[in-house]
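Remarks on the structure that follows.
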Amino acid sequence: MAITHTLGFPRIGHDRELKKALEAYWQGSLDEAGLRQVGRELRAAHWQVQRDAGIDLLPVGDFAWYDQVLNHSLLFGVIPERFRPAGGQPGLDTLFSMARGATKSCCGGGVQAQEMTKWFDTNYHYLVPEFTADQQFRLSWEQLFEEVDEARALGHEVKPVLIGPLTYLWLGKAKGEAFDKLELLERLLPLYGEVLQRLAGQGVAWVQIDEPILVLDLPQDWKSAFERAYNLLQREPLKKLVATYFGGLEDNLGLAANLPVDGLHIDLVRAPEQYPTILDRLPAYKVLSLGVVNGRNVWRCDLEPVLTLLQEAHQRLGERLWVAPSCSLLHSPVDLEREDQLDGELKSWLAFAVQKCREVALLAKGVNEPEHPVVQAALTESRAVQASRAASPRIHKPQVRDRLAAIKPRHSQRHSPFAERSALQRARLQLPLFPTTTIGSFPQTPAIRLARQAYKQGKLSLTDYTEAMHAEIRHAVAVQEQLGLDVLVHGEAERNDMVEYFAEQLDGYAFTRFGWVQSYGSRCVKPAVIYGDLSRPAPMTVEWIRYAQQQTAKVMKGMLTGPVTMLMWSFPREDVSREIQARQLALAIRDEVCDLEAAGIRIVQIDEAAFREGLPLRRTAWKAYLEWAVDAFRLCASGVRDETQIHTHMCYSEFNDVIEAIAAMDADVITIETSRSQMELLEAFRDFHYPNDIGPGVYDIHSPRVPDTAEMIQLLQQAVKRIPAERLWVNPDCGLKTRAWPETEAALINMVAAARQLRGQF
Ligand code: GLN
Ligand code: ZN
């Protein structure tokens, strides 16, 4: 019998109950008992829905009040000094202050939250553990054990989920005096021993230990540490399944296959090629869990080929075969049944977490009882779904395909090199030295959101809505003129989100009502779904930008989201490559850029906030990604005349390893986030002899603090040491949509003053 399990289930609830409860608790309208009750109900519901779907071994430990990595920091007592409660055990409020920071009532000062960063290549963010050289570990959190009891009391057979010792250390950050995190392993391992013993004492038979870093390029000392660590844990009485996901094991395959544990989980969705090798390399006593249903996307599984593979694996492995989603279902929306506004055809192509559990169960049934009518019926249905998608004219658009096929390398090439373009642009734009601009959005006030909502609900007419947005544009333009900014923007009042706004206007995108996925803590995102060939039926931004330009004699910058960012923040198709989807998006955006130019717009910015995020986990795959990602950008940007200036914007502060690709994008101007790094990251641009213009952010928009002029001048002087003055722009780190107007104006007054003062010095 092939056994079914999941690596984790979404914890937010199908109505985002956890989000609502957390926010109520933080606001003080729900007490701790109430919050805990919501948690208990959600866990019970999630175990039940998985069991009803046919999952044999249910995960415990996948629930978290905020984040599963943070759970482990509490479990092991990795609680930085600043959060430690005065005498006594950490409580829920300790957890939330680690996650969100806290105000210390005693002394007025704030306690800064732990840093947050992306969980591998997903859009989930975890809280980065902070380790010190003298780090001590101590079991400090009972949640896991309590939840195991809770599940067992409900009659479930459970498999607790732990983040493995090496992955946990890898994810953390060394604080204070420099030291090697790996040195902490010896101290940490006894804690894993204790946890395993306690779980065994609770009657648990199997535990899942996640070591996703096995799909990364690991330094040799980390590789060696795996054997050491698991040799020690081998003594513990439980059976251990080491889980890997988000990629292939590649050079770590032998290592992973031979760890002294009882089972291994691999991701066959992201790395199907590792399957035959792993079968040959896996010791004969071990369970092999095959992750065959994509835990990270919304598409229904094509059952037939997967079942064939599983049946073959079953012949080799027999009882030792387990069937699972590729990774935790944390990354997929909860329940497709809730979608009452998707058309039937599209809905029949999709599967969310609940449906994915059913797929896993069905596949196992197909292995155990291949002739069962339920299996046969499901296969027939699956075949029909695949056939309908393969033939659907909603998906396959010959015009889009033909256009893409006709694209030549010259379409990704501006007419003249930067030096020539730049001279033409300077002559046309007549900007001063250190030109000032902003990144695009201005404060999204409650009034703006209300107007948008009312319009979407049909309560505000198109005319009234347009007038409301025009008023916002007039206001933004007036403010910018008064501030004395050189290149203006329209302010993006009409945009809910930089991806969704464009997705809604493109053919080939669909939207769910409840397709929420946790991003961090109580924050959820609802990515749009790319289901078909992408095209732009009509101009998307031209009327707004044209209107904005009519309000001013200054240069108005058009504002678009780039193809890579559109792709990275959506659920992509699985039937065509990411590259093709990016190229289709690029052509749609290219048309928009050209239409803006035709409408008299002289500068167009194409934001690529997610460019770096798209980097594959393995270095060997970077080159291919960067090639198509850069080309997609160039394809957007190269339809215009030399004198039209193309900007791009990227908000992160790590460019060293991708600087060559950034230069290859050949944007006339790039604005980046730099204020917090004291302009140091400009060194990457200097060392590479980056030739085009750069706008290093001179203030951090993430905080309401208003920096003074001197501070920004000091930063700009740092910048001038690295980049010639005539190629520098002056702008904030990112868009201002999360800020309020008073601090926005105050900061921009100082920014313009800084640029003016500096001009006097050159
Ligand atoms: N133009 C967008 C804005 O100003 C850019 C946002 C981003 O880079 N994340 O909001
Ligand atoms: Zn940004």
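The values are calculated or read from the model by the stated rules, or taken from the named source; none is laboratory data. Computed from a prediction, not measured in an experiment: that's the story for all the values here. Cβ coordinates were reconstructed from backbone atoms using ideal geometry, including for glycine residues, and neighbour counts include every protein chain displayed. Heavy atoms of the whole protein, side chains included, go into the accessibility calculation; ligands, DNA and RNA do not. Shrake-Rupley method; radii C 1.70, N 1.55, O 1.52, S 1.80 Å.
Rounded to the nearest 500 deg cm²/dmol, what is the calculated helix-only ellipticity per residue at 222 nm for the chain, with -39500 (n - 2.57) per DSSP H run of length n ≥ 4? Before the final figure, lay out the partial values.
Working: 27 runs with 323 residues, N = 762.
When only DSSP H runs of four or more count, the value is -13000 deg cm²/dmol.
Beta carbons within 10 angstrom, averaged per residue: use that to sort the peptides 694-701, 518-525, highest first. Write out the running numbers ahead of the final one.
Numbers: 694-701: 24.0, 518-525: 18.4.
Result, highest mean first: 694-701, 518-525.
Whole-Hz ³J(HN,Hα) for each residue in segment 424-435, computed from phi via Karplus 6.51 cos²θ - 1.76 cosθ + 1.60 with θ = phi - 60°, x for glycine and proline: what do you get?
So the Karplus estimates, Gly and Pro as x, are 5, 5, 4, 4, 7, 7, 6, 8, x, 4, 6, x Hz.
From the C-alpha gyration tensor of segment 178-271, pull out the three semi-axes of the equivalent ellipsoid (sqrt of 5λ each), sorted largest to smallest, in whole Å. Mind dumping the intermediate values first?
Working: eigenvalues 98, 69, 22 Å².
Equivalent ellipsoid of segment 178-271: 22, 19, 10 Å, largest first.
Could you provide, to the nearest whole Å², the per residue accessible area of segment 668-762 with probe 1.4 Å? Each step should come with its number before you reach the end.
Details: 3740 Å² over 95 residues.
So segment 668-762 comes to 39 Å² accessible per residue, rounded to a whole number.
For the chain, state what percent of all Cα-Cα pairs lands in each successive 20 Å bin, counting from 0 Å until the bin that includes the largest distance.
Values per bin, smallest distances first: 15, 47, 33, 5, 0.
For His156, list long-range residues whose amide hydrogen, built 1.01 Å from N in the peptide plane, is under 5 Å from its own amide hydrogen.
none
So, in nm, how far is label Ala599 from label Leu462 when the simple model puts each one 7 Å beyond its Cα toward the Cβ?
1.5
Quantify, in whole percent, the carbon and sulfur part of the accessible surface of the chain (1.4 Å probe; protein heavy atoms only).
Values: 14960 of 29090 Å².
The value for the chain is 51 percent carbon and sulfur by accessible area.
Short version: what are the Cα gyration tensor semi-axes of segment 377-527, square root of 5 times each eigenvalue, largest first, in whole Å? Don't skip to the end; give the middle numbers.
On the way: eigenvalues 295, 168, 46 Å².
Semi-axes (√(5λ), whole Å): 38, 29, 15.
Take the Cα gyration tensor of segment 608-688, multiply each eigenvalue by 5, square-root it, and list the three semi-axes largest first, rounded to whole angstrom.
Details: eigenvalues 82, 66, 22 Å².
Listed largest to smallest, the semi-axes of segment 608-688 are 20, 18, 10 Å.
Using a simple charge model, +1 on the beta-carbon of Lys and Arg, -1 on the beta-carbon of Asp and Glu, nothing else, what dipole does segment 216-357 show about its Cα centre, in debye to the nearest 20?
Working: 15 positive and 20 negative charges, 120 e Å.
It works out to roughly 580 debye.
Taking a cut-off of 29 Å between Cα atoms, list the lysines near Lys721, but don't count ones fewer than 8 places away on the same chain.
Lys557
Using the heavy atoms of the protein chains and a 1.4 angstrom probe, tell me the accessible area per residue for segment 424-531 in square angstrom. Please report the intermediate quantities before stating the final value.
Details: 4320 Å² over 108 residues.
I get 40 Å² per residue for this part.
Going by average Cβ density within 10 Å per residue, which order do the peptides 24-36, 143-155 take, highest to lowest? Each step should come with its number before you reach the end.
Numbers: 24-36: 12.8, 143-155: 16.5.
In decreasing order of mean packing, 24-36, 143-155 become 143-155, 24-36.
Rounded to whole Hz and in sequence order, give me ³J(HN,Hα) for segment 513-519 from the Karplus expression 6.51 cos²θ - 1.76 cosθ + 1.60, θ = phi - 60°, writing x for Gly and Pro.
These are the phi-based 3J(HN,Hα) values: 8, 10, x, 7, 10, 5, 9 Hz.
Would you please give the residues with an amide H less than 5 Å from that of Asp62, counting only those at least 5 places away or on a separate chain, with H modeled from the backbone geometry?
Correct list: Val161.
Among Ser703, Met650, Met665, flag the residue with its Cα farthest along the positive direction of the charge dipole of segment 645-742, charges on Cβ as +1 for Lys/Arg and -1 for Asp/Glu.
The residue sitting farthest along the positive end of the dipole is Ser703.
Apply the Karplus parameterisation 6.51 cos²θ - 1.76 cosθ + 1.60, with θ equal to phi minus 60°, to every residue of segment 405-420 and state each ³J(HN,Hα) to the nearest whole Hz, in sequence, with x for glycine and proline.
Using θ = phi - 60°, the values come out as 5, 8, 6, 10, x, 5, 5, 9, 10, 5, 4, 10, x, 3, 4, 6 Hz.
Report Rg/Rh for segment 645-755, rounded to two decimals, where Rg is the Cα radius of gyration and Rh the Kirkwood radius.
Working: Rg = 13.4 Å, Rh = 14.0 Å.
Result: Rg/Rh = 0.96.
For segment 23-157, taking Cα atoms only, what is the radius of gyration to one decimal and the Dmax to the nearest whole Å?
16.5, 54
Compute the Kirkwood hydrodynamic radius of segment 126-254, taking the inverse of the mean of 1/r over all pairs of distinct Cα atoms, and give it in Å to one decimal. Walk me through the numbers on the way to the answer.
Numbers: mean 1/r = 0.0633 Å⁻¹.
About 15.8 Å for segment 126-254.
Roughly how many debye, to the nearest 20, is the charge dipole of the chain about its Cα centre, given +1 on each Lys and Arg Cβ, -1 on each Asp and Glu Cβ, and no other charges?
Numbers: 84 positive and 99 negative charges, 152 e Å.
With Lys and Arg at +1 and Asp and Glu at -1, about 740 debye.
Sequence-distant or interchain residues sharing an amide H contact under 5 Å with Val111, placed H: which?
Residues meeting the criterion, in which the H sits 1.01 Å from N, are Ala102, Thr103, Lys104.
Keeping every protein chain present and rolling a 1.4 Å probe, give me the accessible area per residue for segment 259-339 in Å².
Each residue of segment 259-339 exposes 33 Å² on average to a 1.4 Å probe.
Applying a 10 Å radius around every beta-carbon, put 216-222, 227-233 in order of their mean neighbour count, most first. Provide the component values of the computation, followed by the final result.
Values: 216-222: 13.4, 227-233: 17.6.
The densest-packed peptide leads the list: 227-233, 216-222.
Which of Gly28, Leu268, Gly87 sits farthest toward the positive end of the charge dipole of the chain, with +1 on the Cβ of Lys and Arg and -1 on the Cβ of Asp and Glu?
My answer, from the dipole projection, is Gly28.
Evaluate the charge dipole of segment 522-659 about its Cα centre and quote only its size in Debye, nearest 20, assuming +1 on the Cβ of each Lys and Arg and -1 on the Cβ of each Asp and Glu.
On the way: 17 positive and 18 negative charges, 55 e Å.
Using Cβ point charges on Lys, Arg, Asp and Glu, segment 522-659 gives about 260 debye.
Consider a paramagnetic label point 7 Å from the Cα of Lys239 along Cα→Cβ; state which residues of segment 191-206 have an amide N under 14 Å from it.
Residues 204-206 qualify, since their backbone N sits under 14 Å from the label point.
FRET efficiency for Glu504 and Ala740, Cβ-Cβ distance as r, R0 = 30 Å, nearest 0.05? Walk me through the intermediate numbers first.
On the way: r = 27 Å, r/R0 = 0.89.
Once rounded, the FRET efficiency stands at 0.65.
Can you find, among Val49, Ile3, Thr380, the residue sitting farthest towards the positive end of the charge dipole of the chain, where Lys and Arg contribute +1 and Asp and Glu -1 at Cβ?
Working it through, the farthest residue towards the positive pole turns out to be Thr380.
Need the list of aspartates and glutamates near Lys175 for cross-linking: C-alpha distance under 19 angstrom, and skip anything on the same chain fewer than eight residues off.
Within the straight-line limit of under 19 Å, Lys175 reaches these aspartates and glutamates: Glu81, Glu115, Glu130, Asp134, Glu183, Glu186.
Which entries in Lys20/Lys118; Lys456/Lys737; Lys19/Lys365; Lys118/Lys286; Lys173/Lys223 show an alpha-carbon gap greater than 25 Å?
Lys19/Lys365; Lys118/Lys286
Based on the Cβ-Cβ distance of Asp708 and Glu680, what FRET efficiency does E = 1/(1 + (r/R0)^6) give at R0 = 25 Å, to the nearest 0.05?
Numbers: r = 21 Å, r/R0 = 0.84.
My answer for the efficiency is 0.75.
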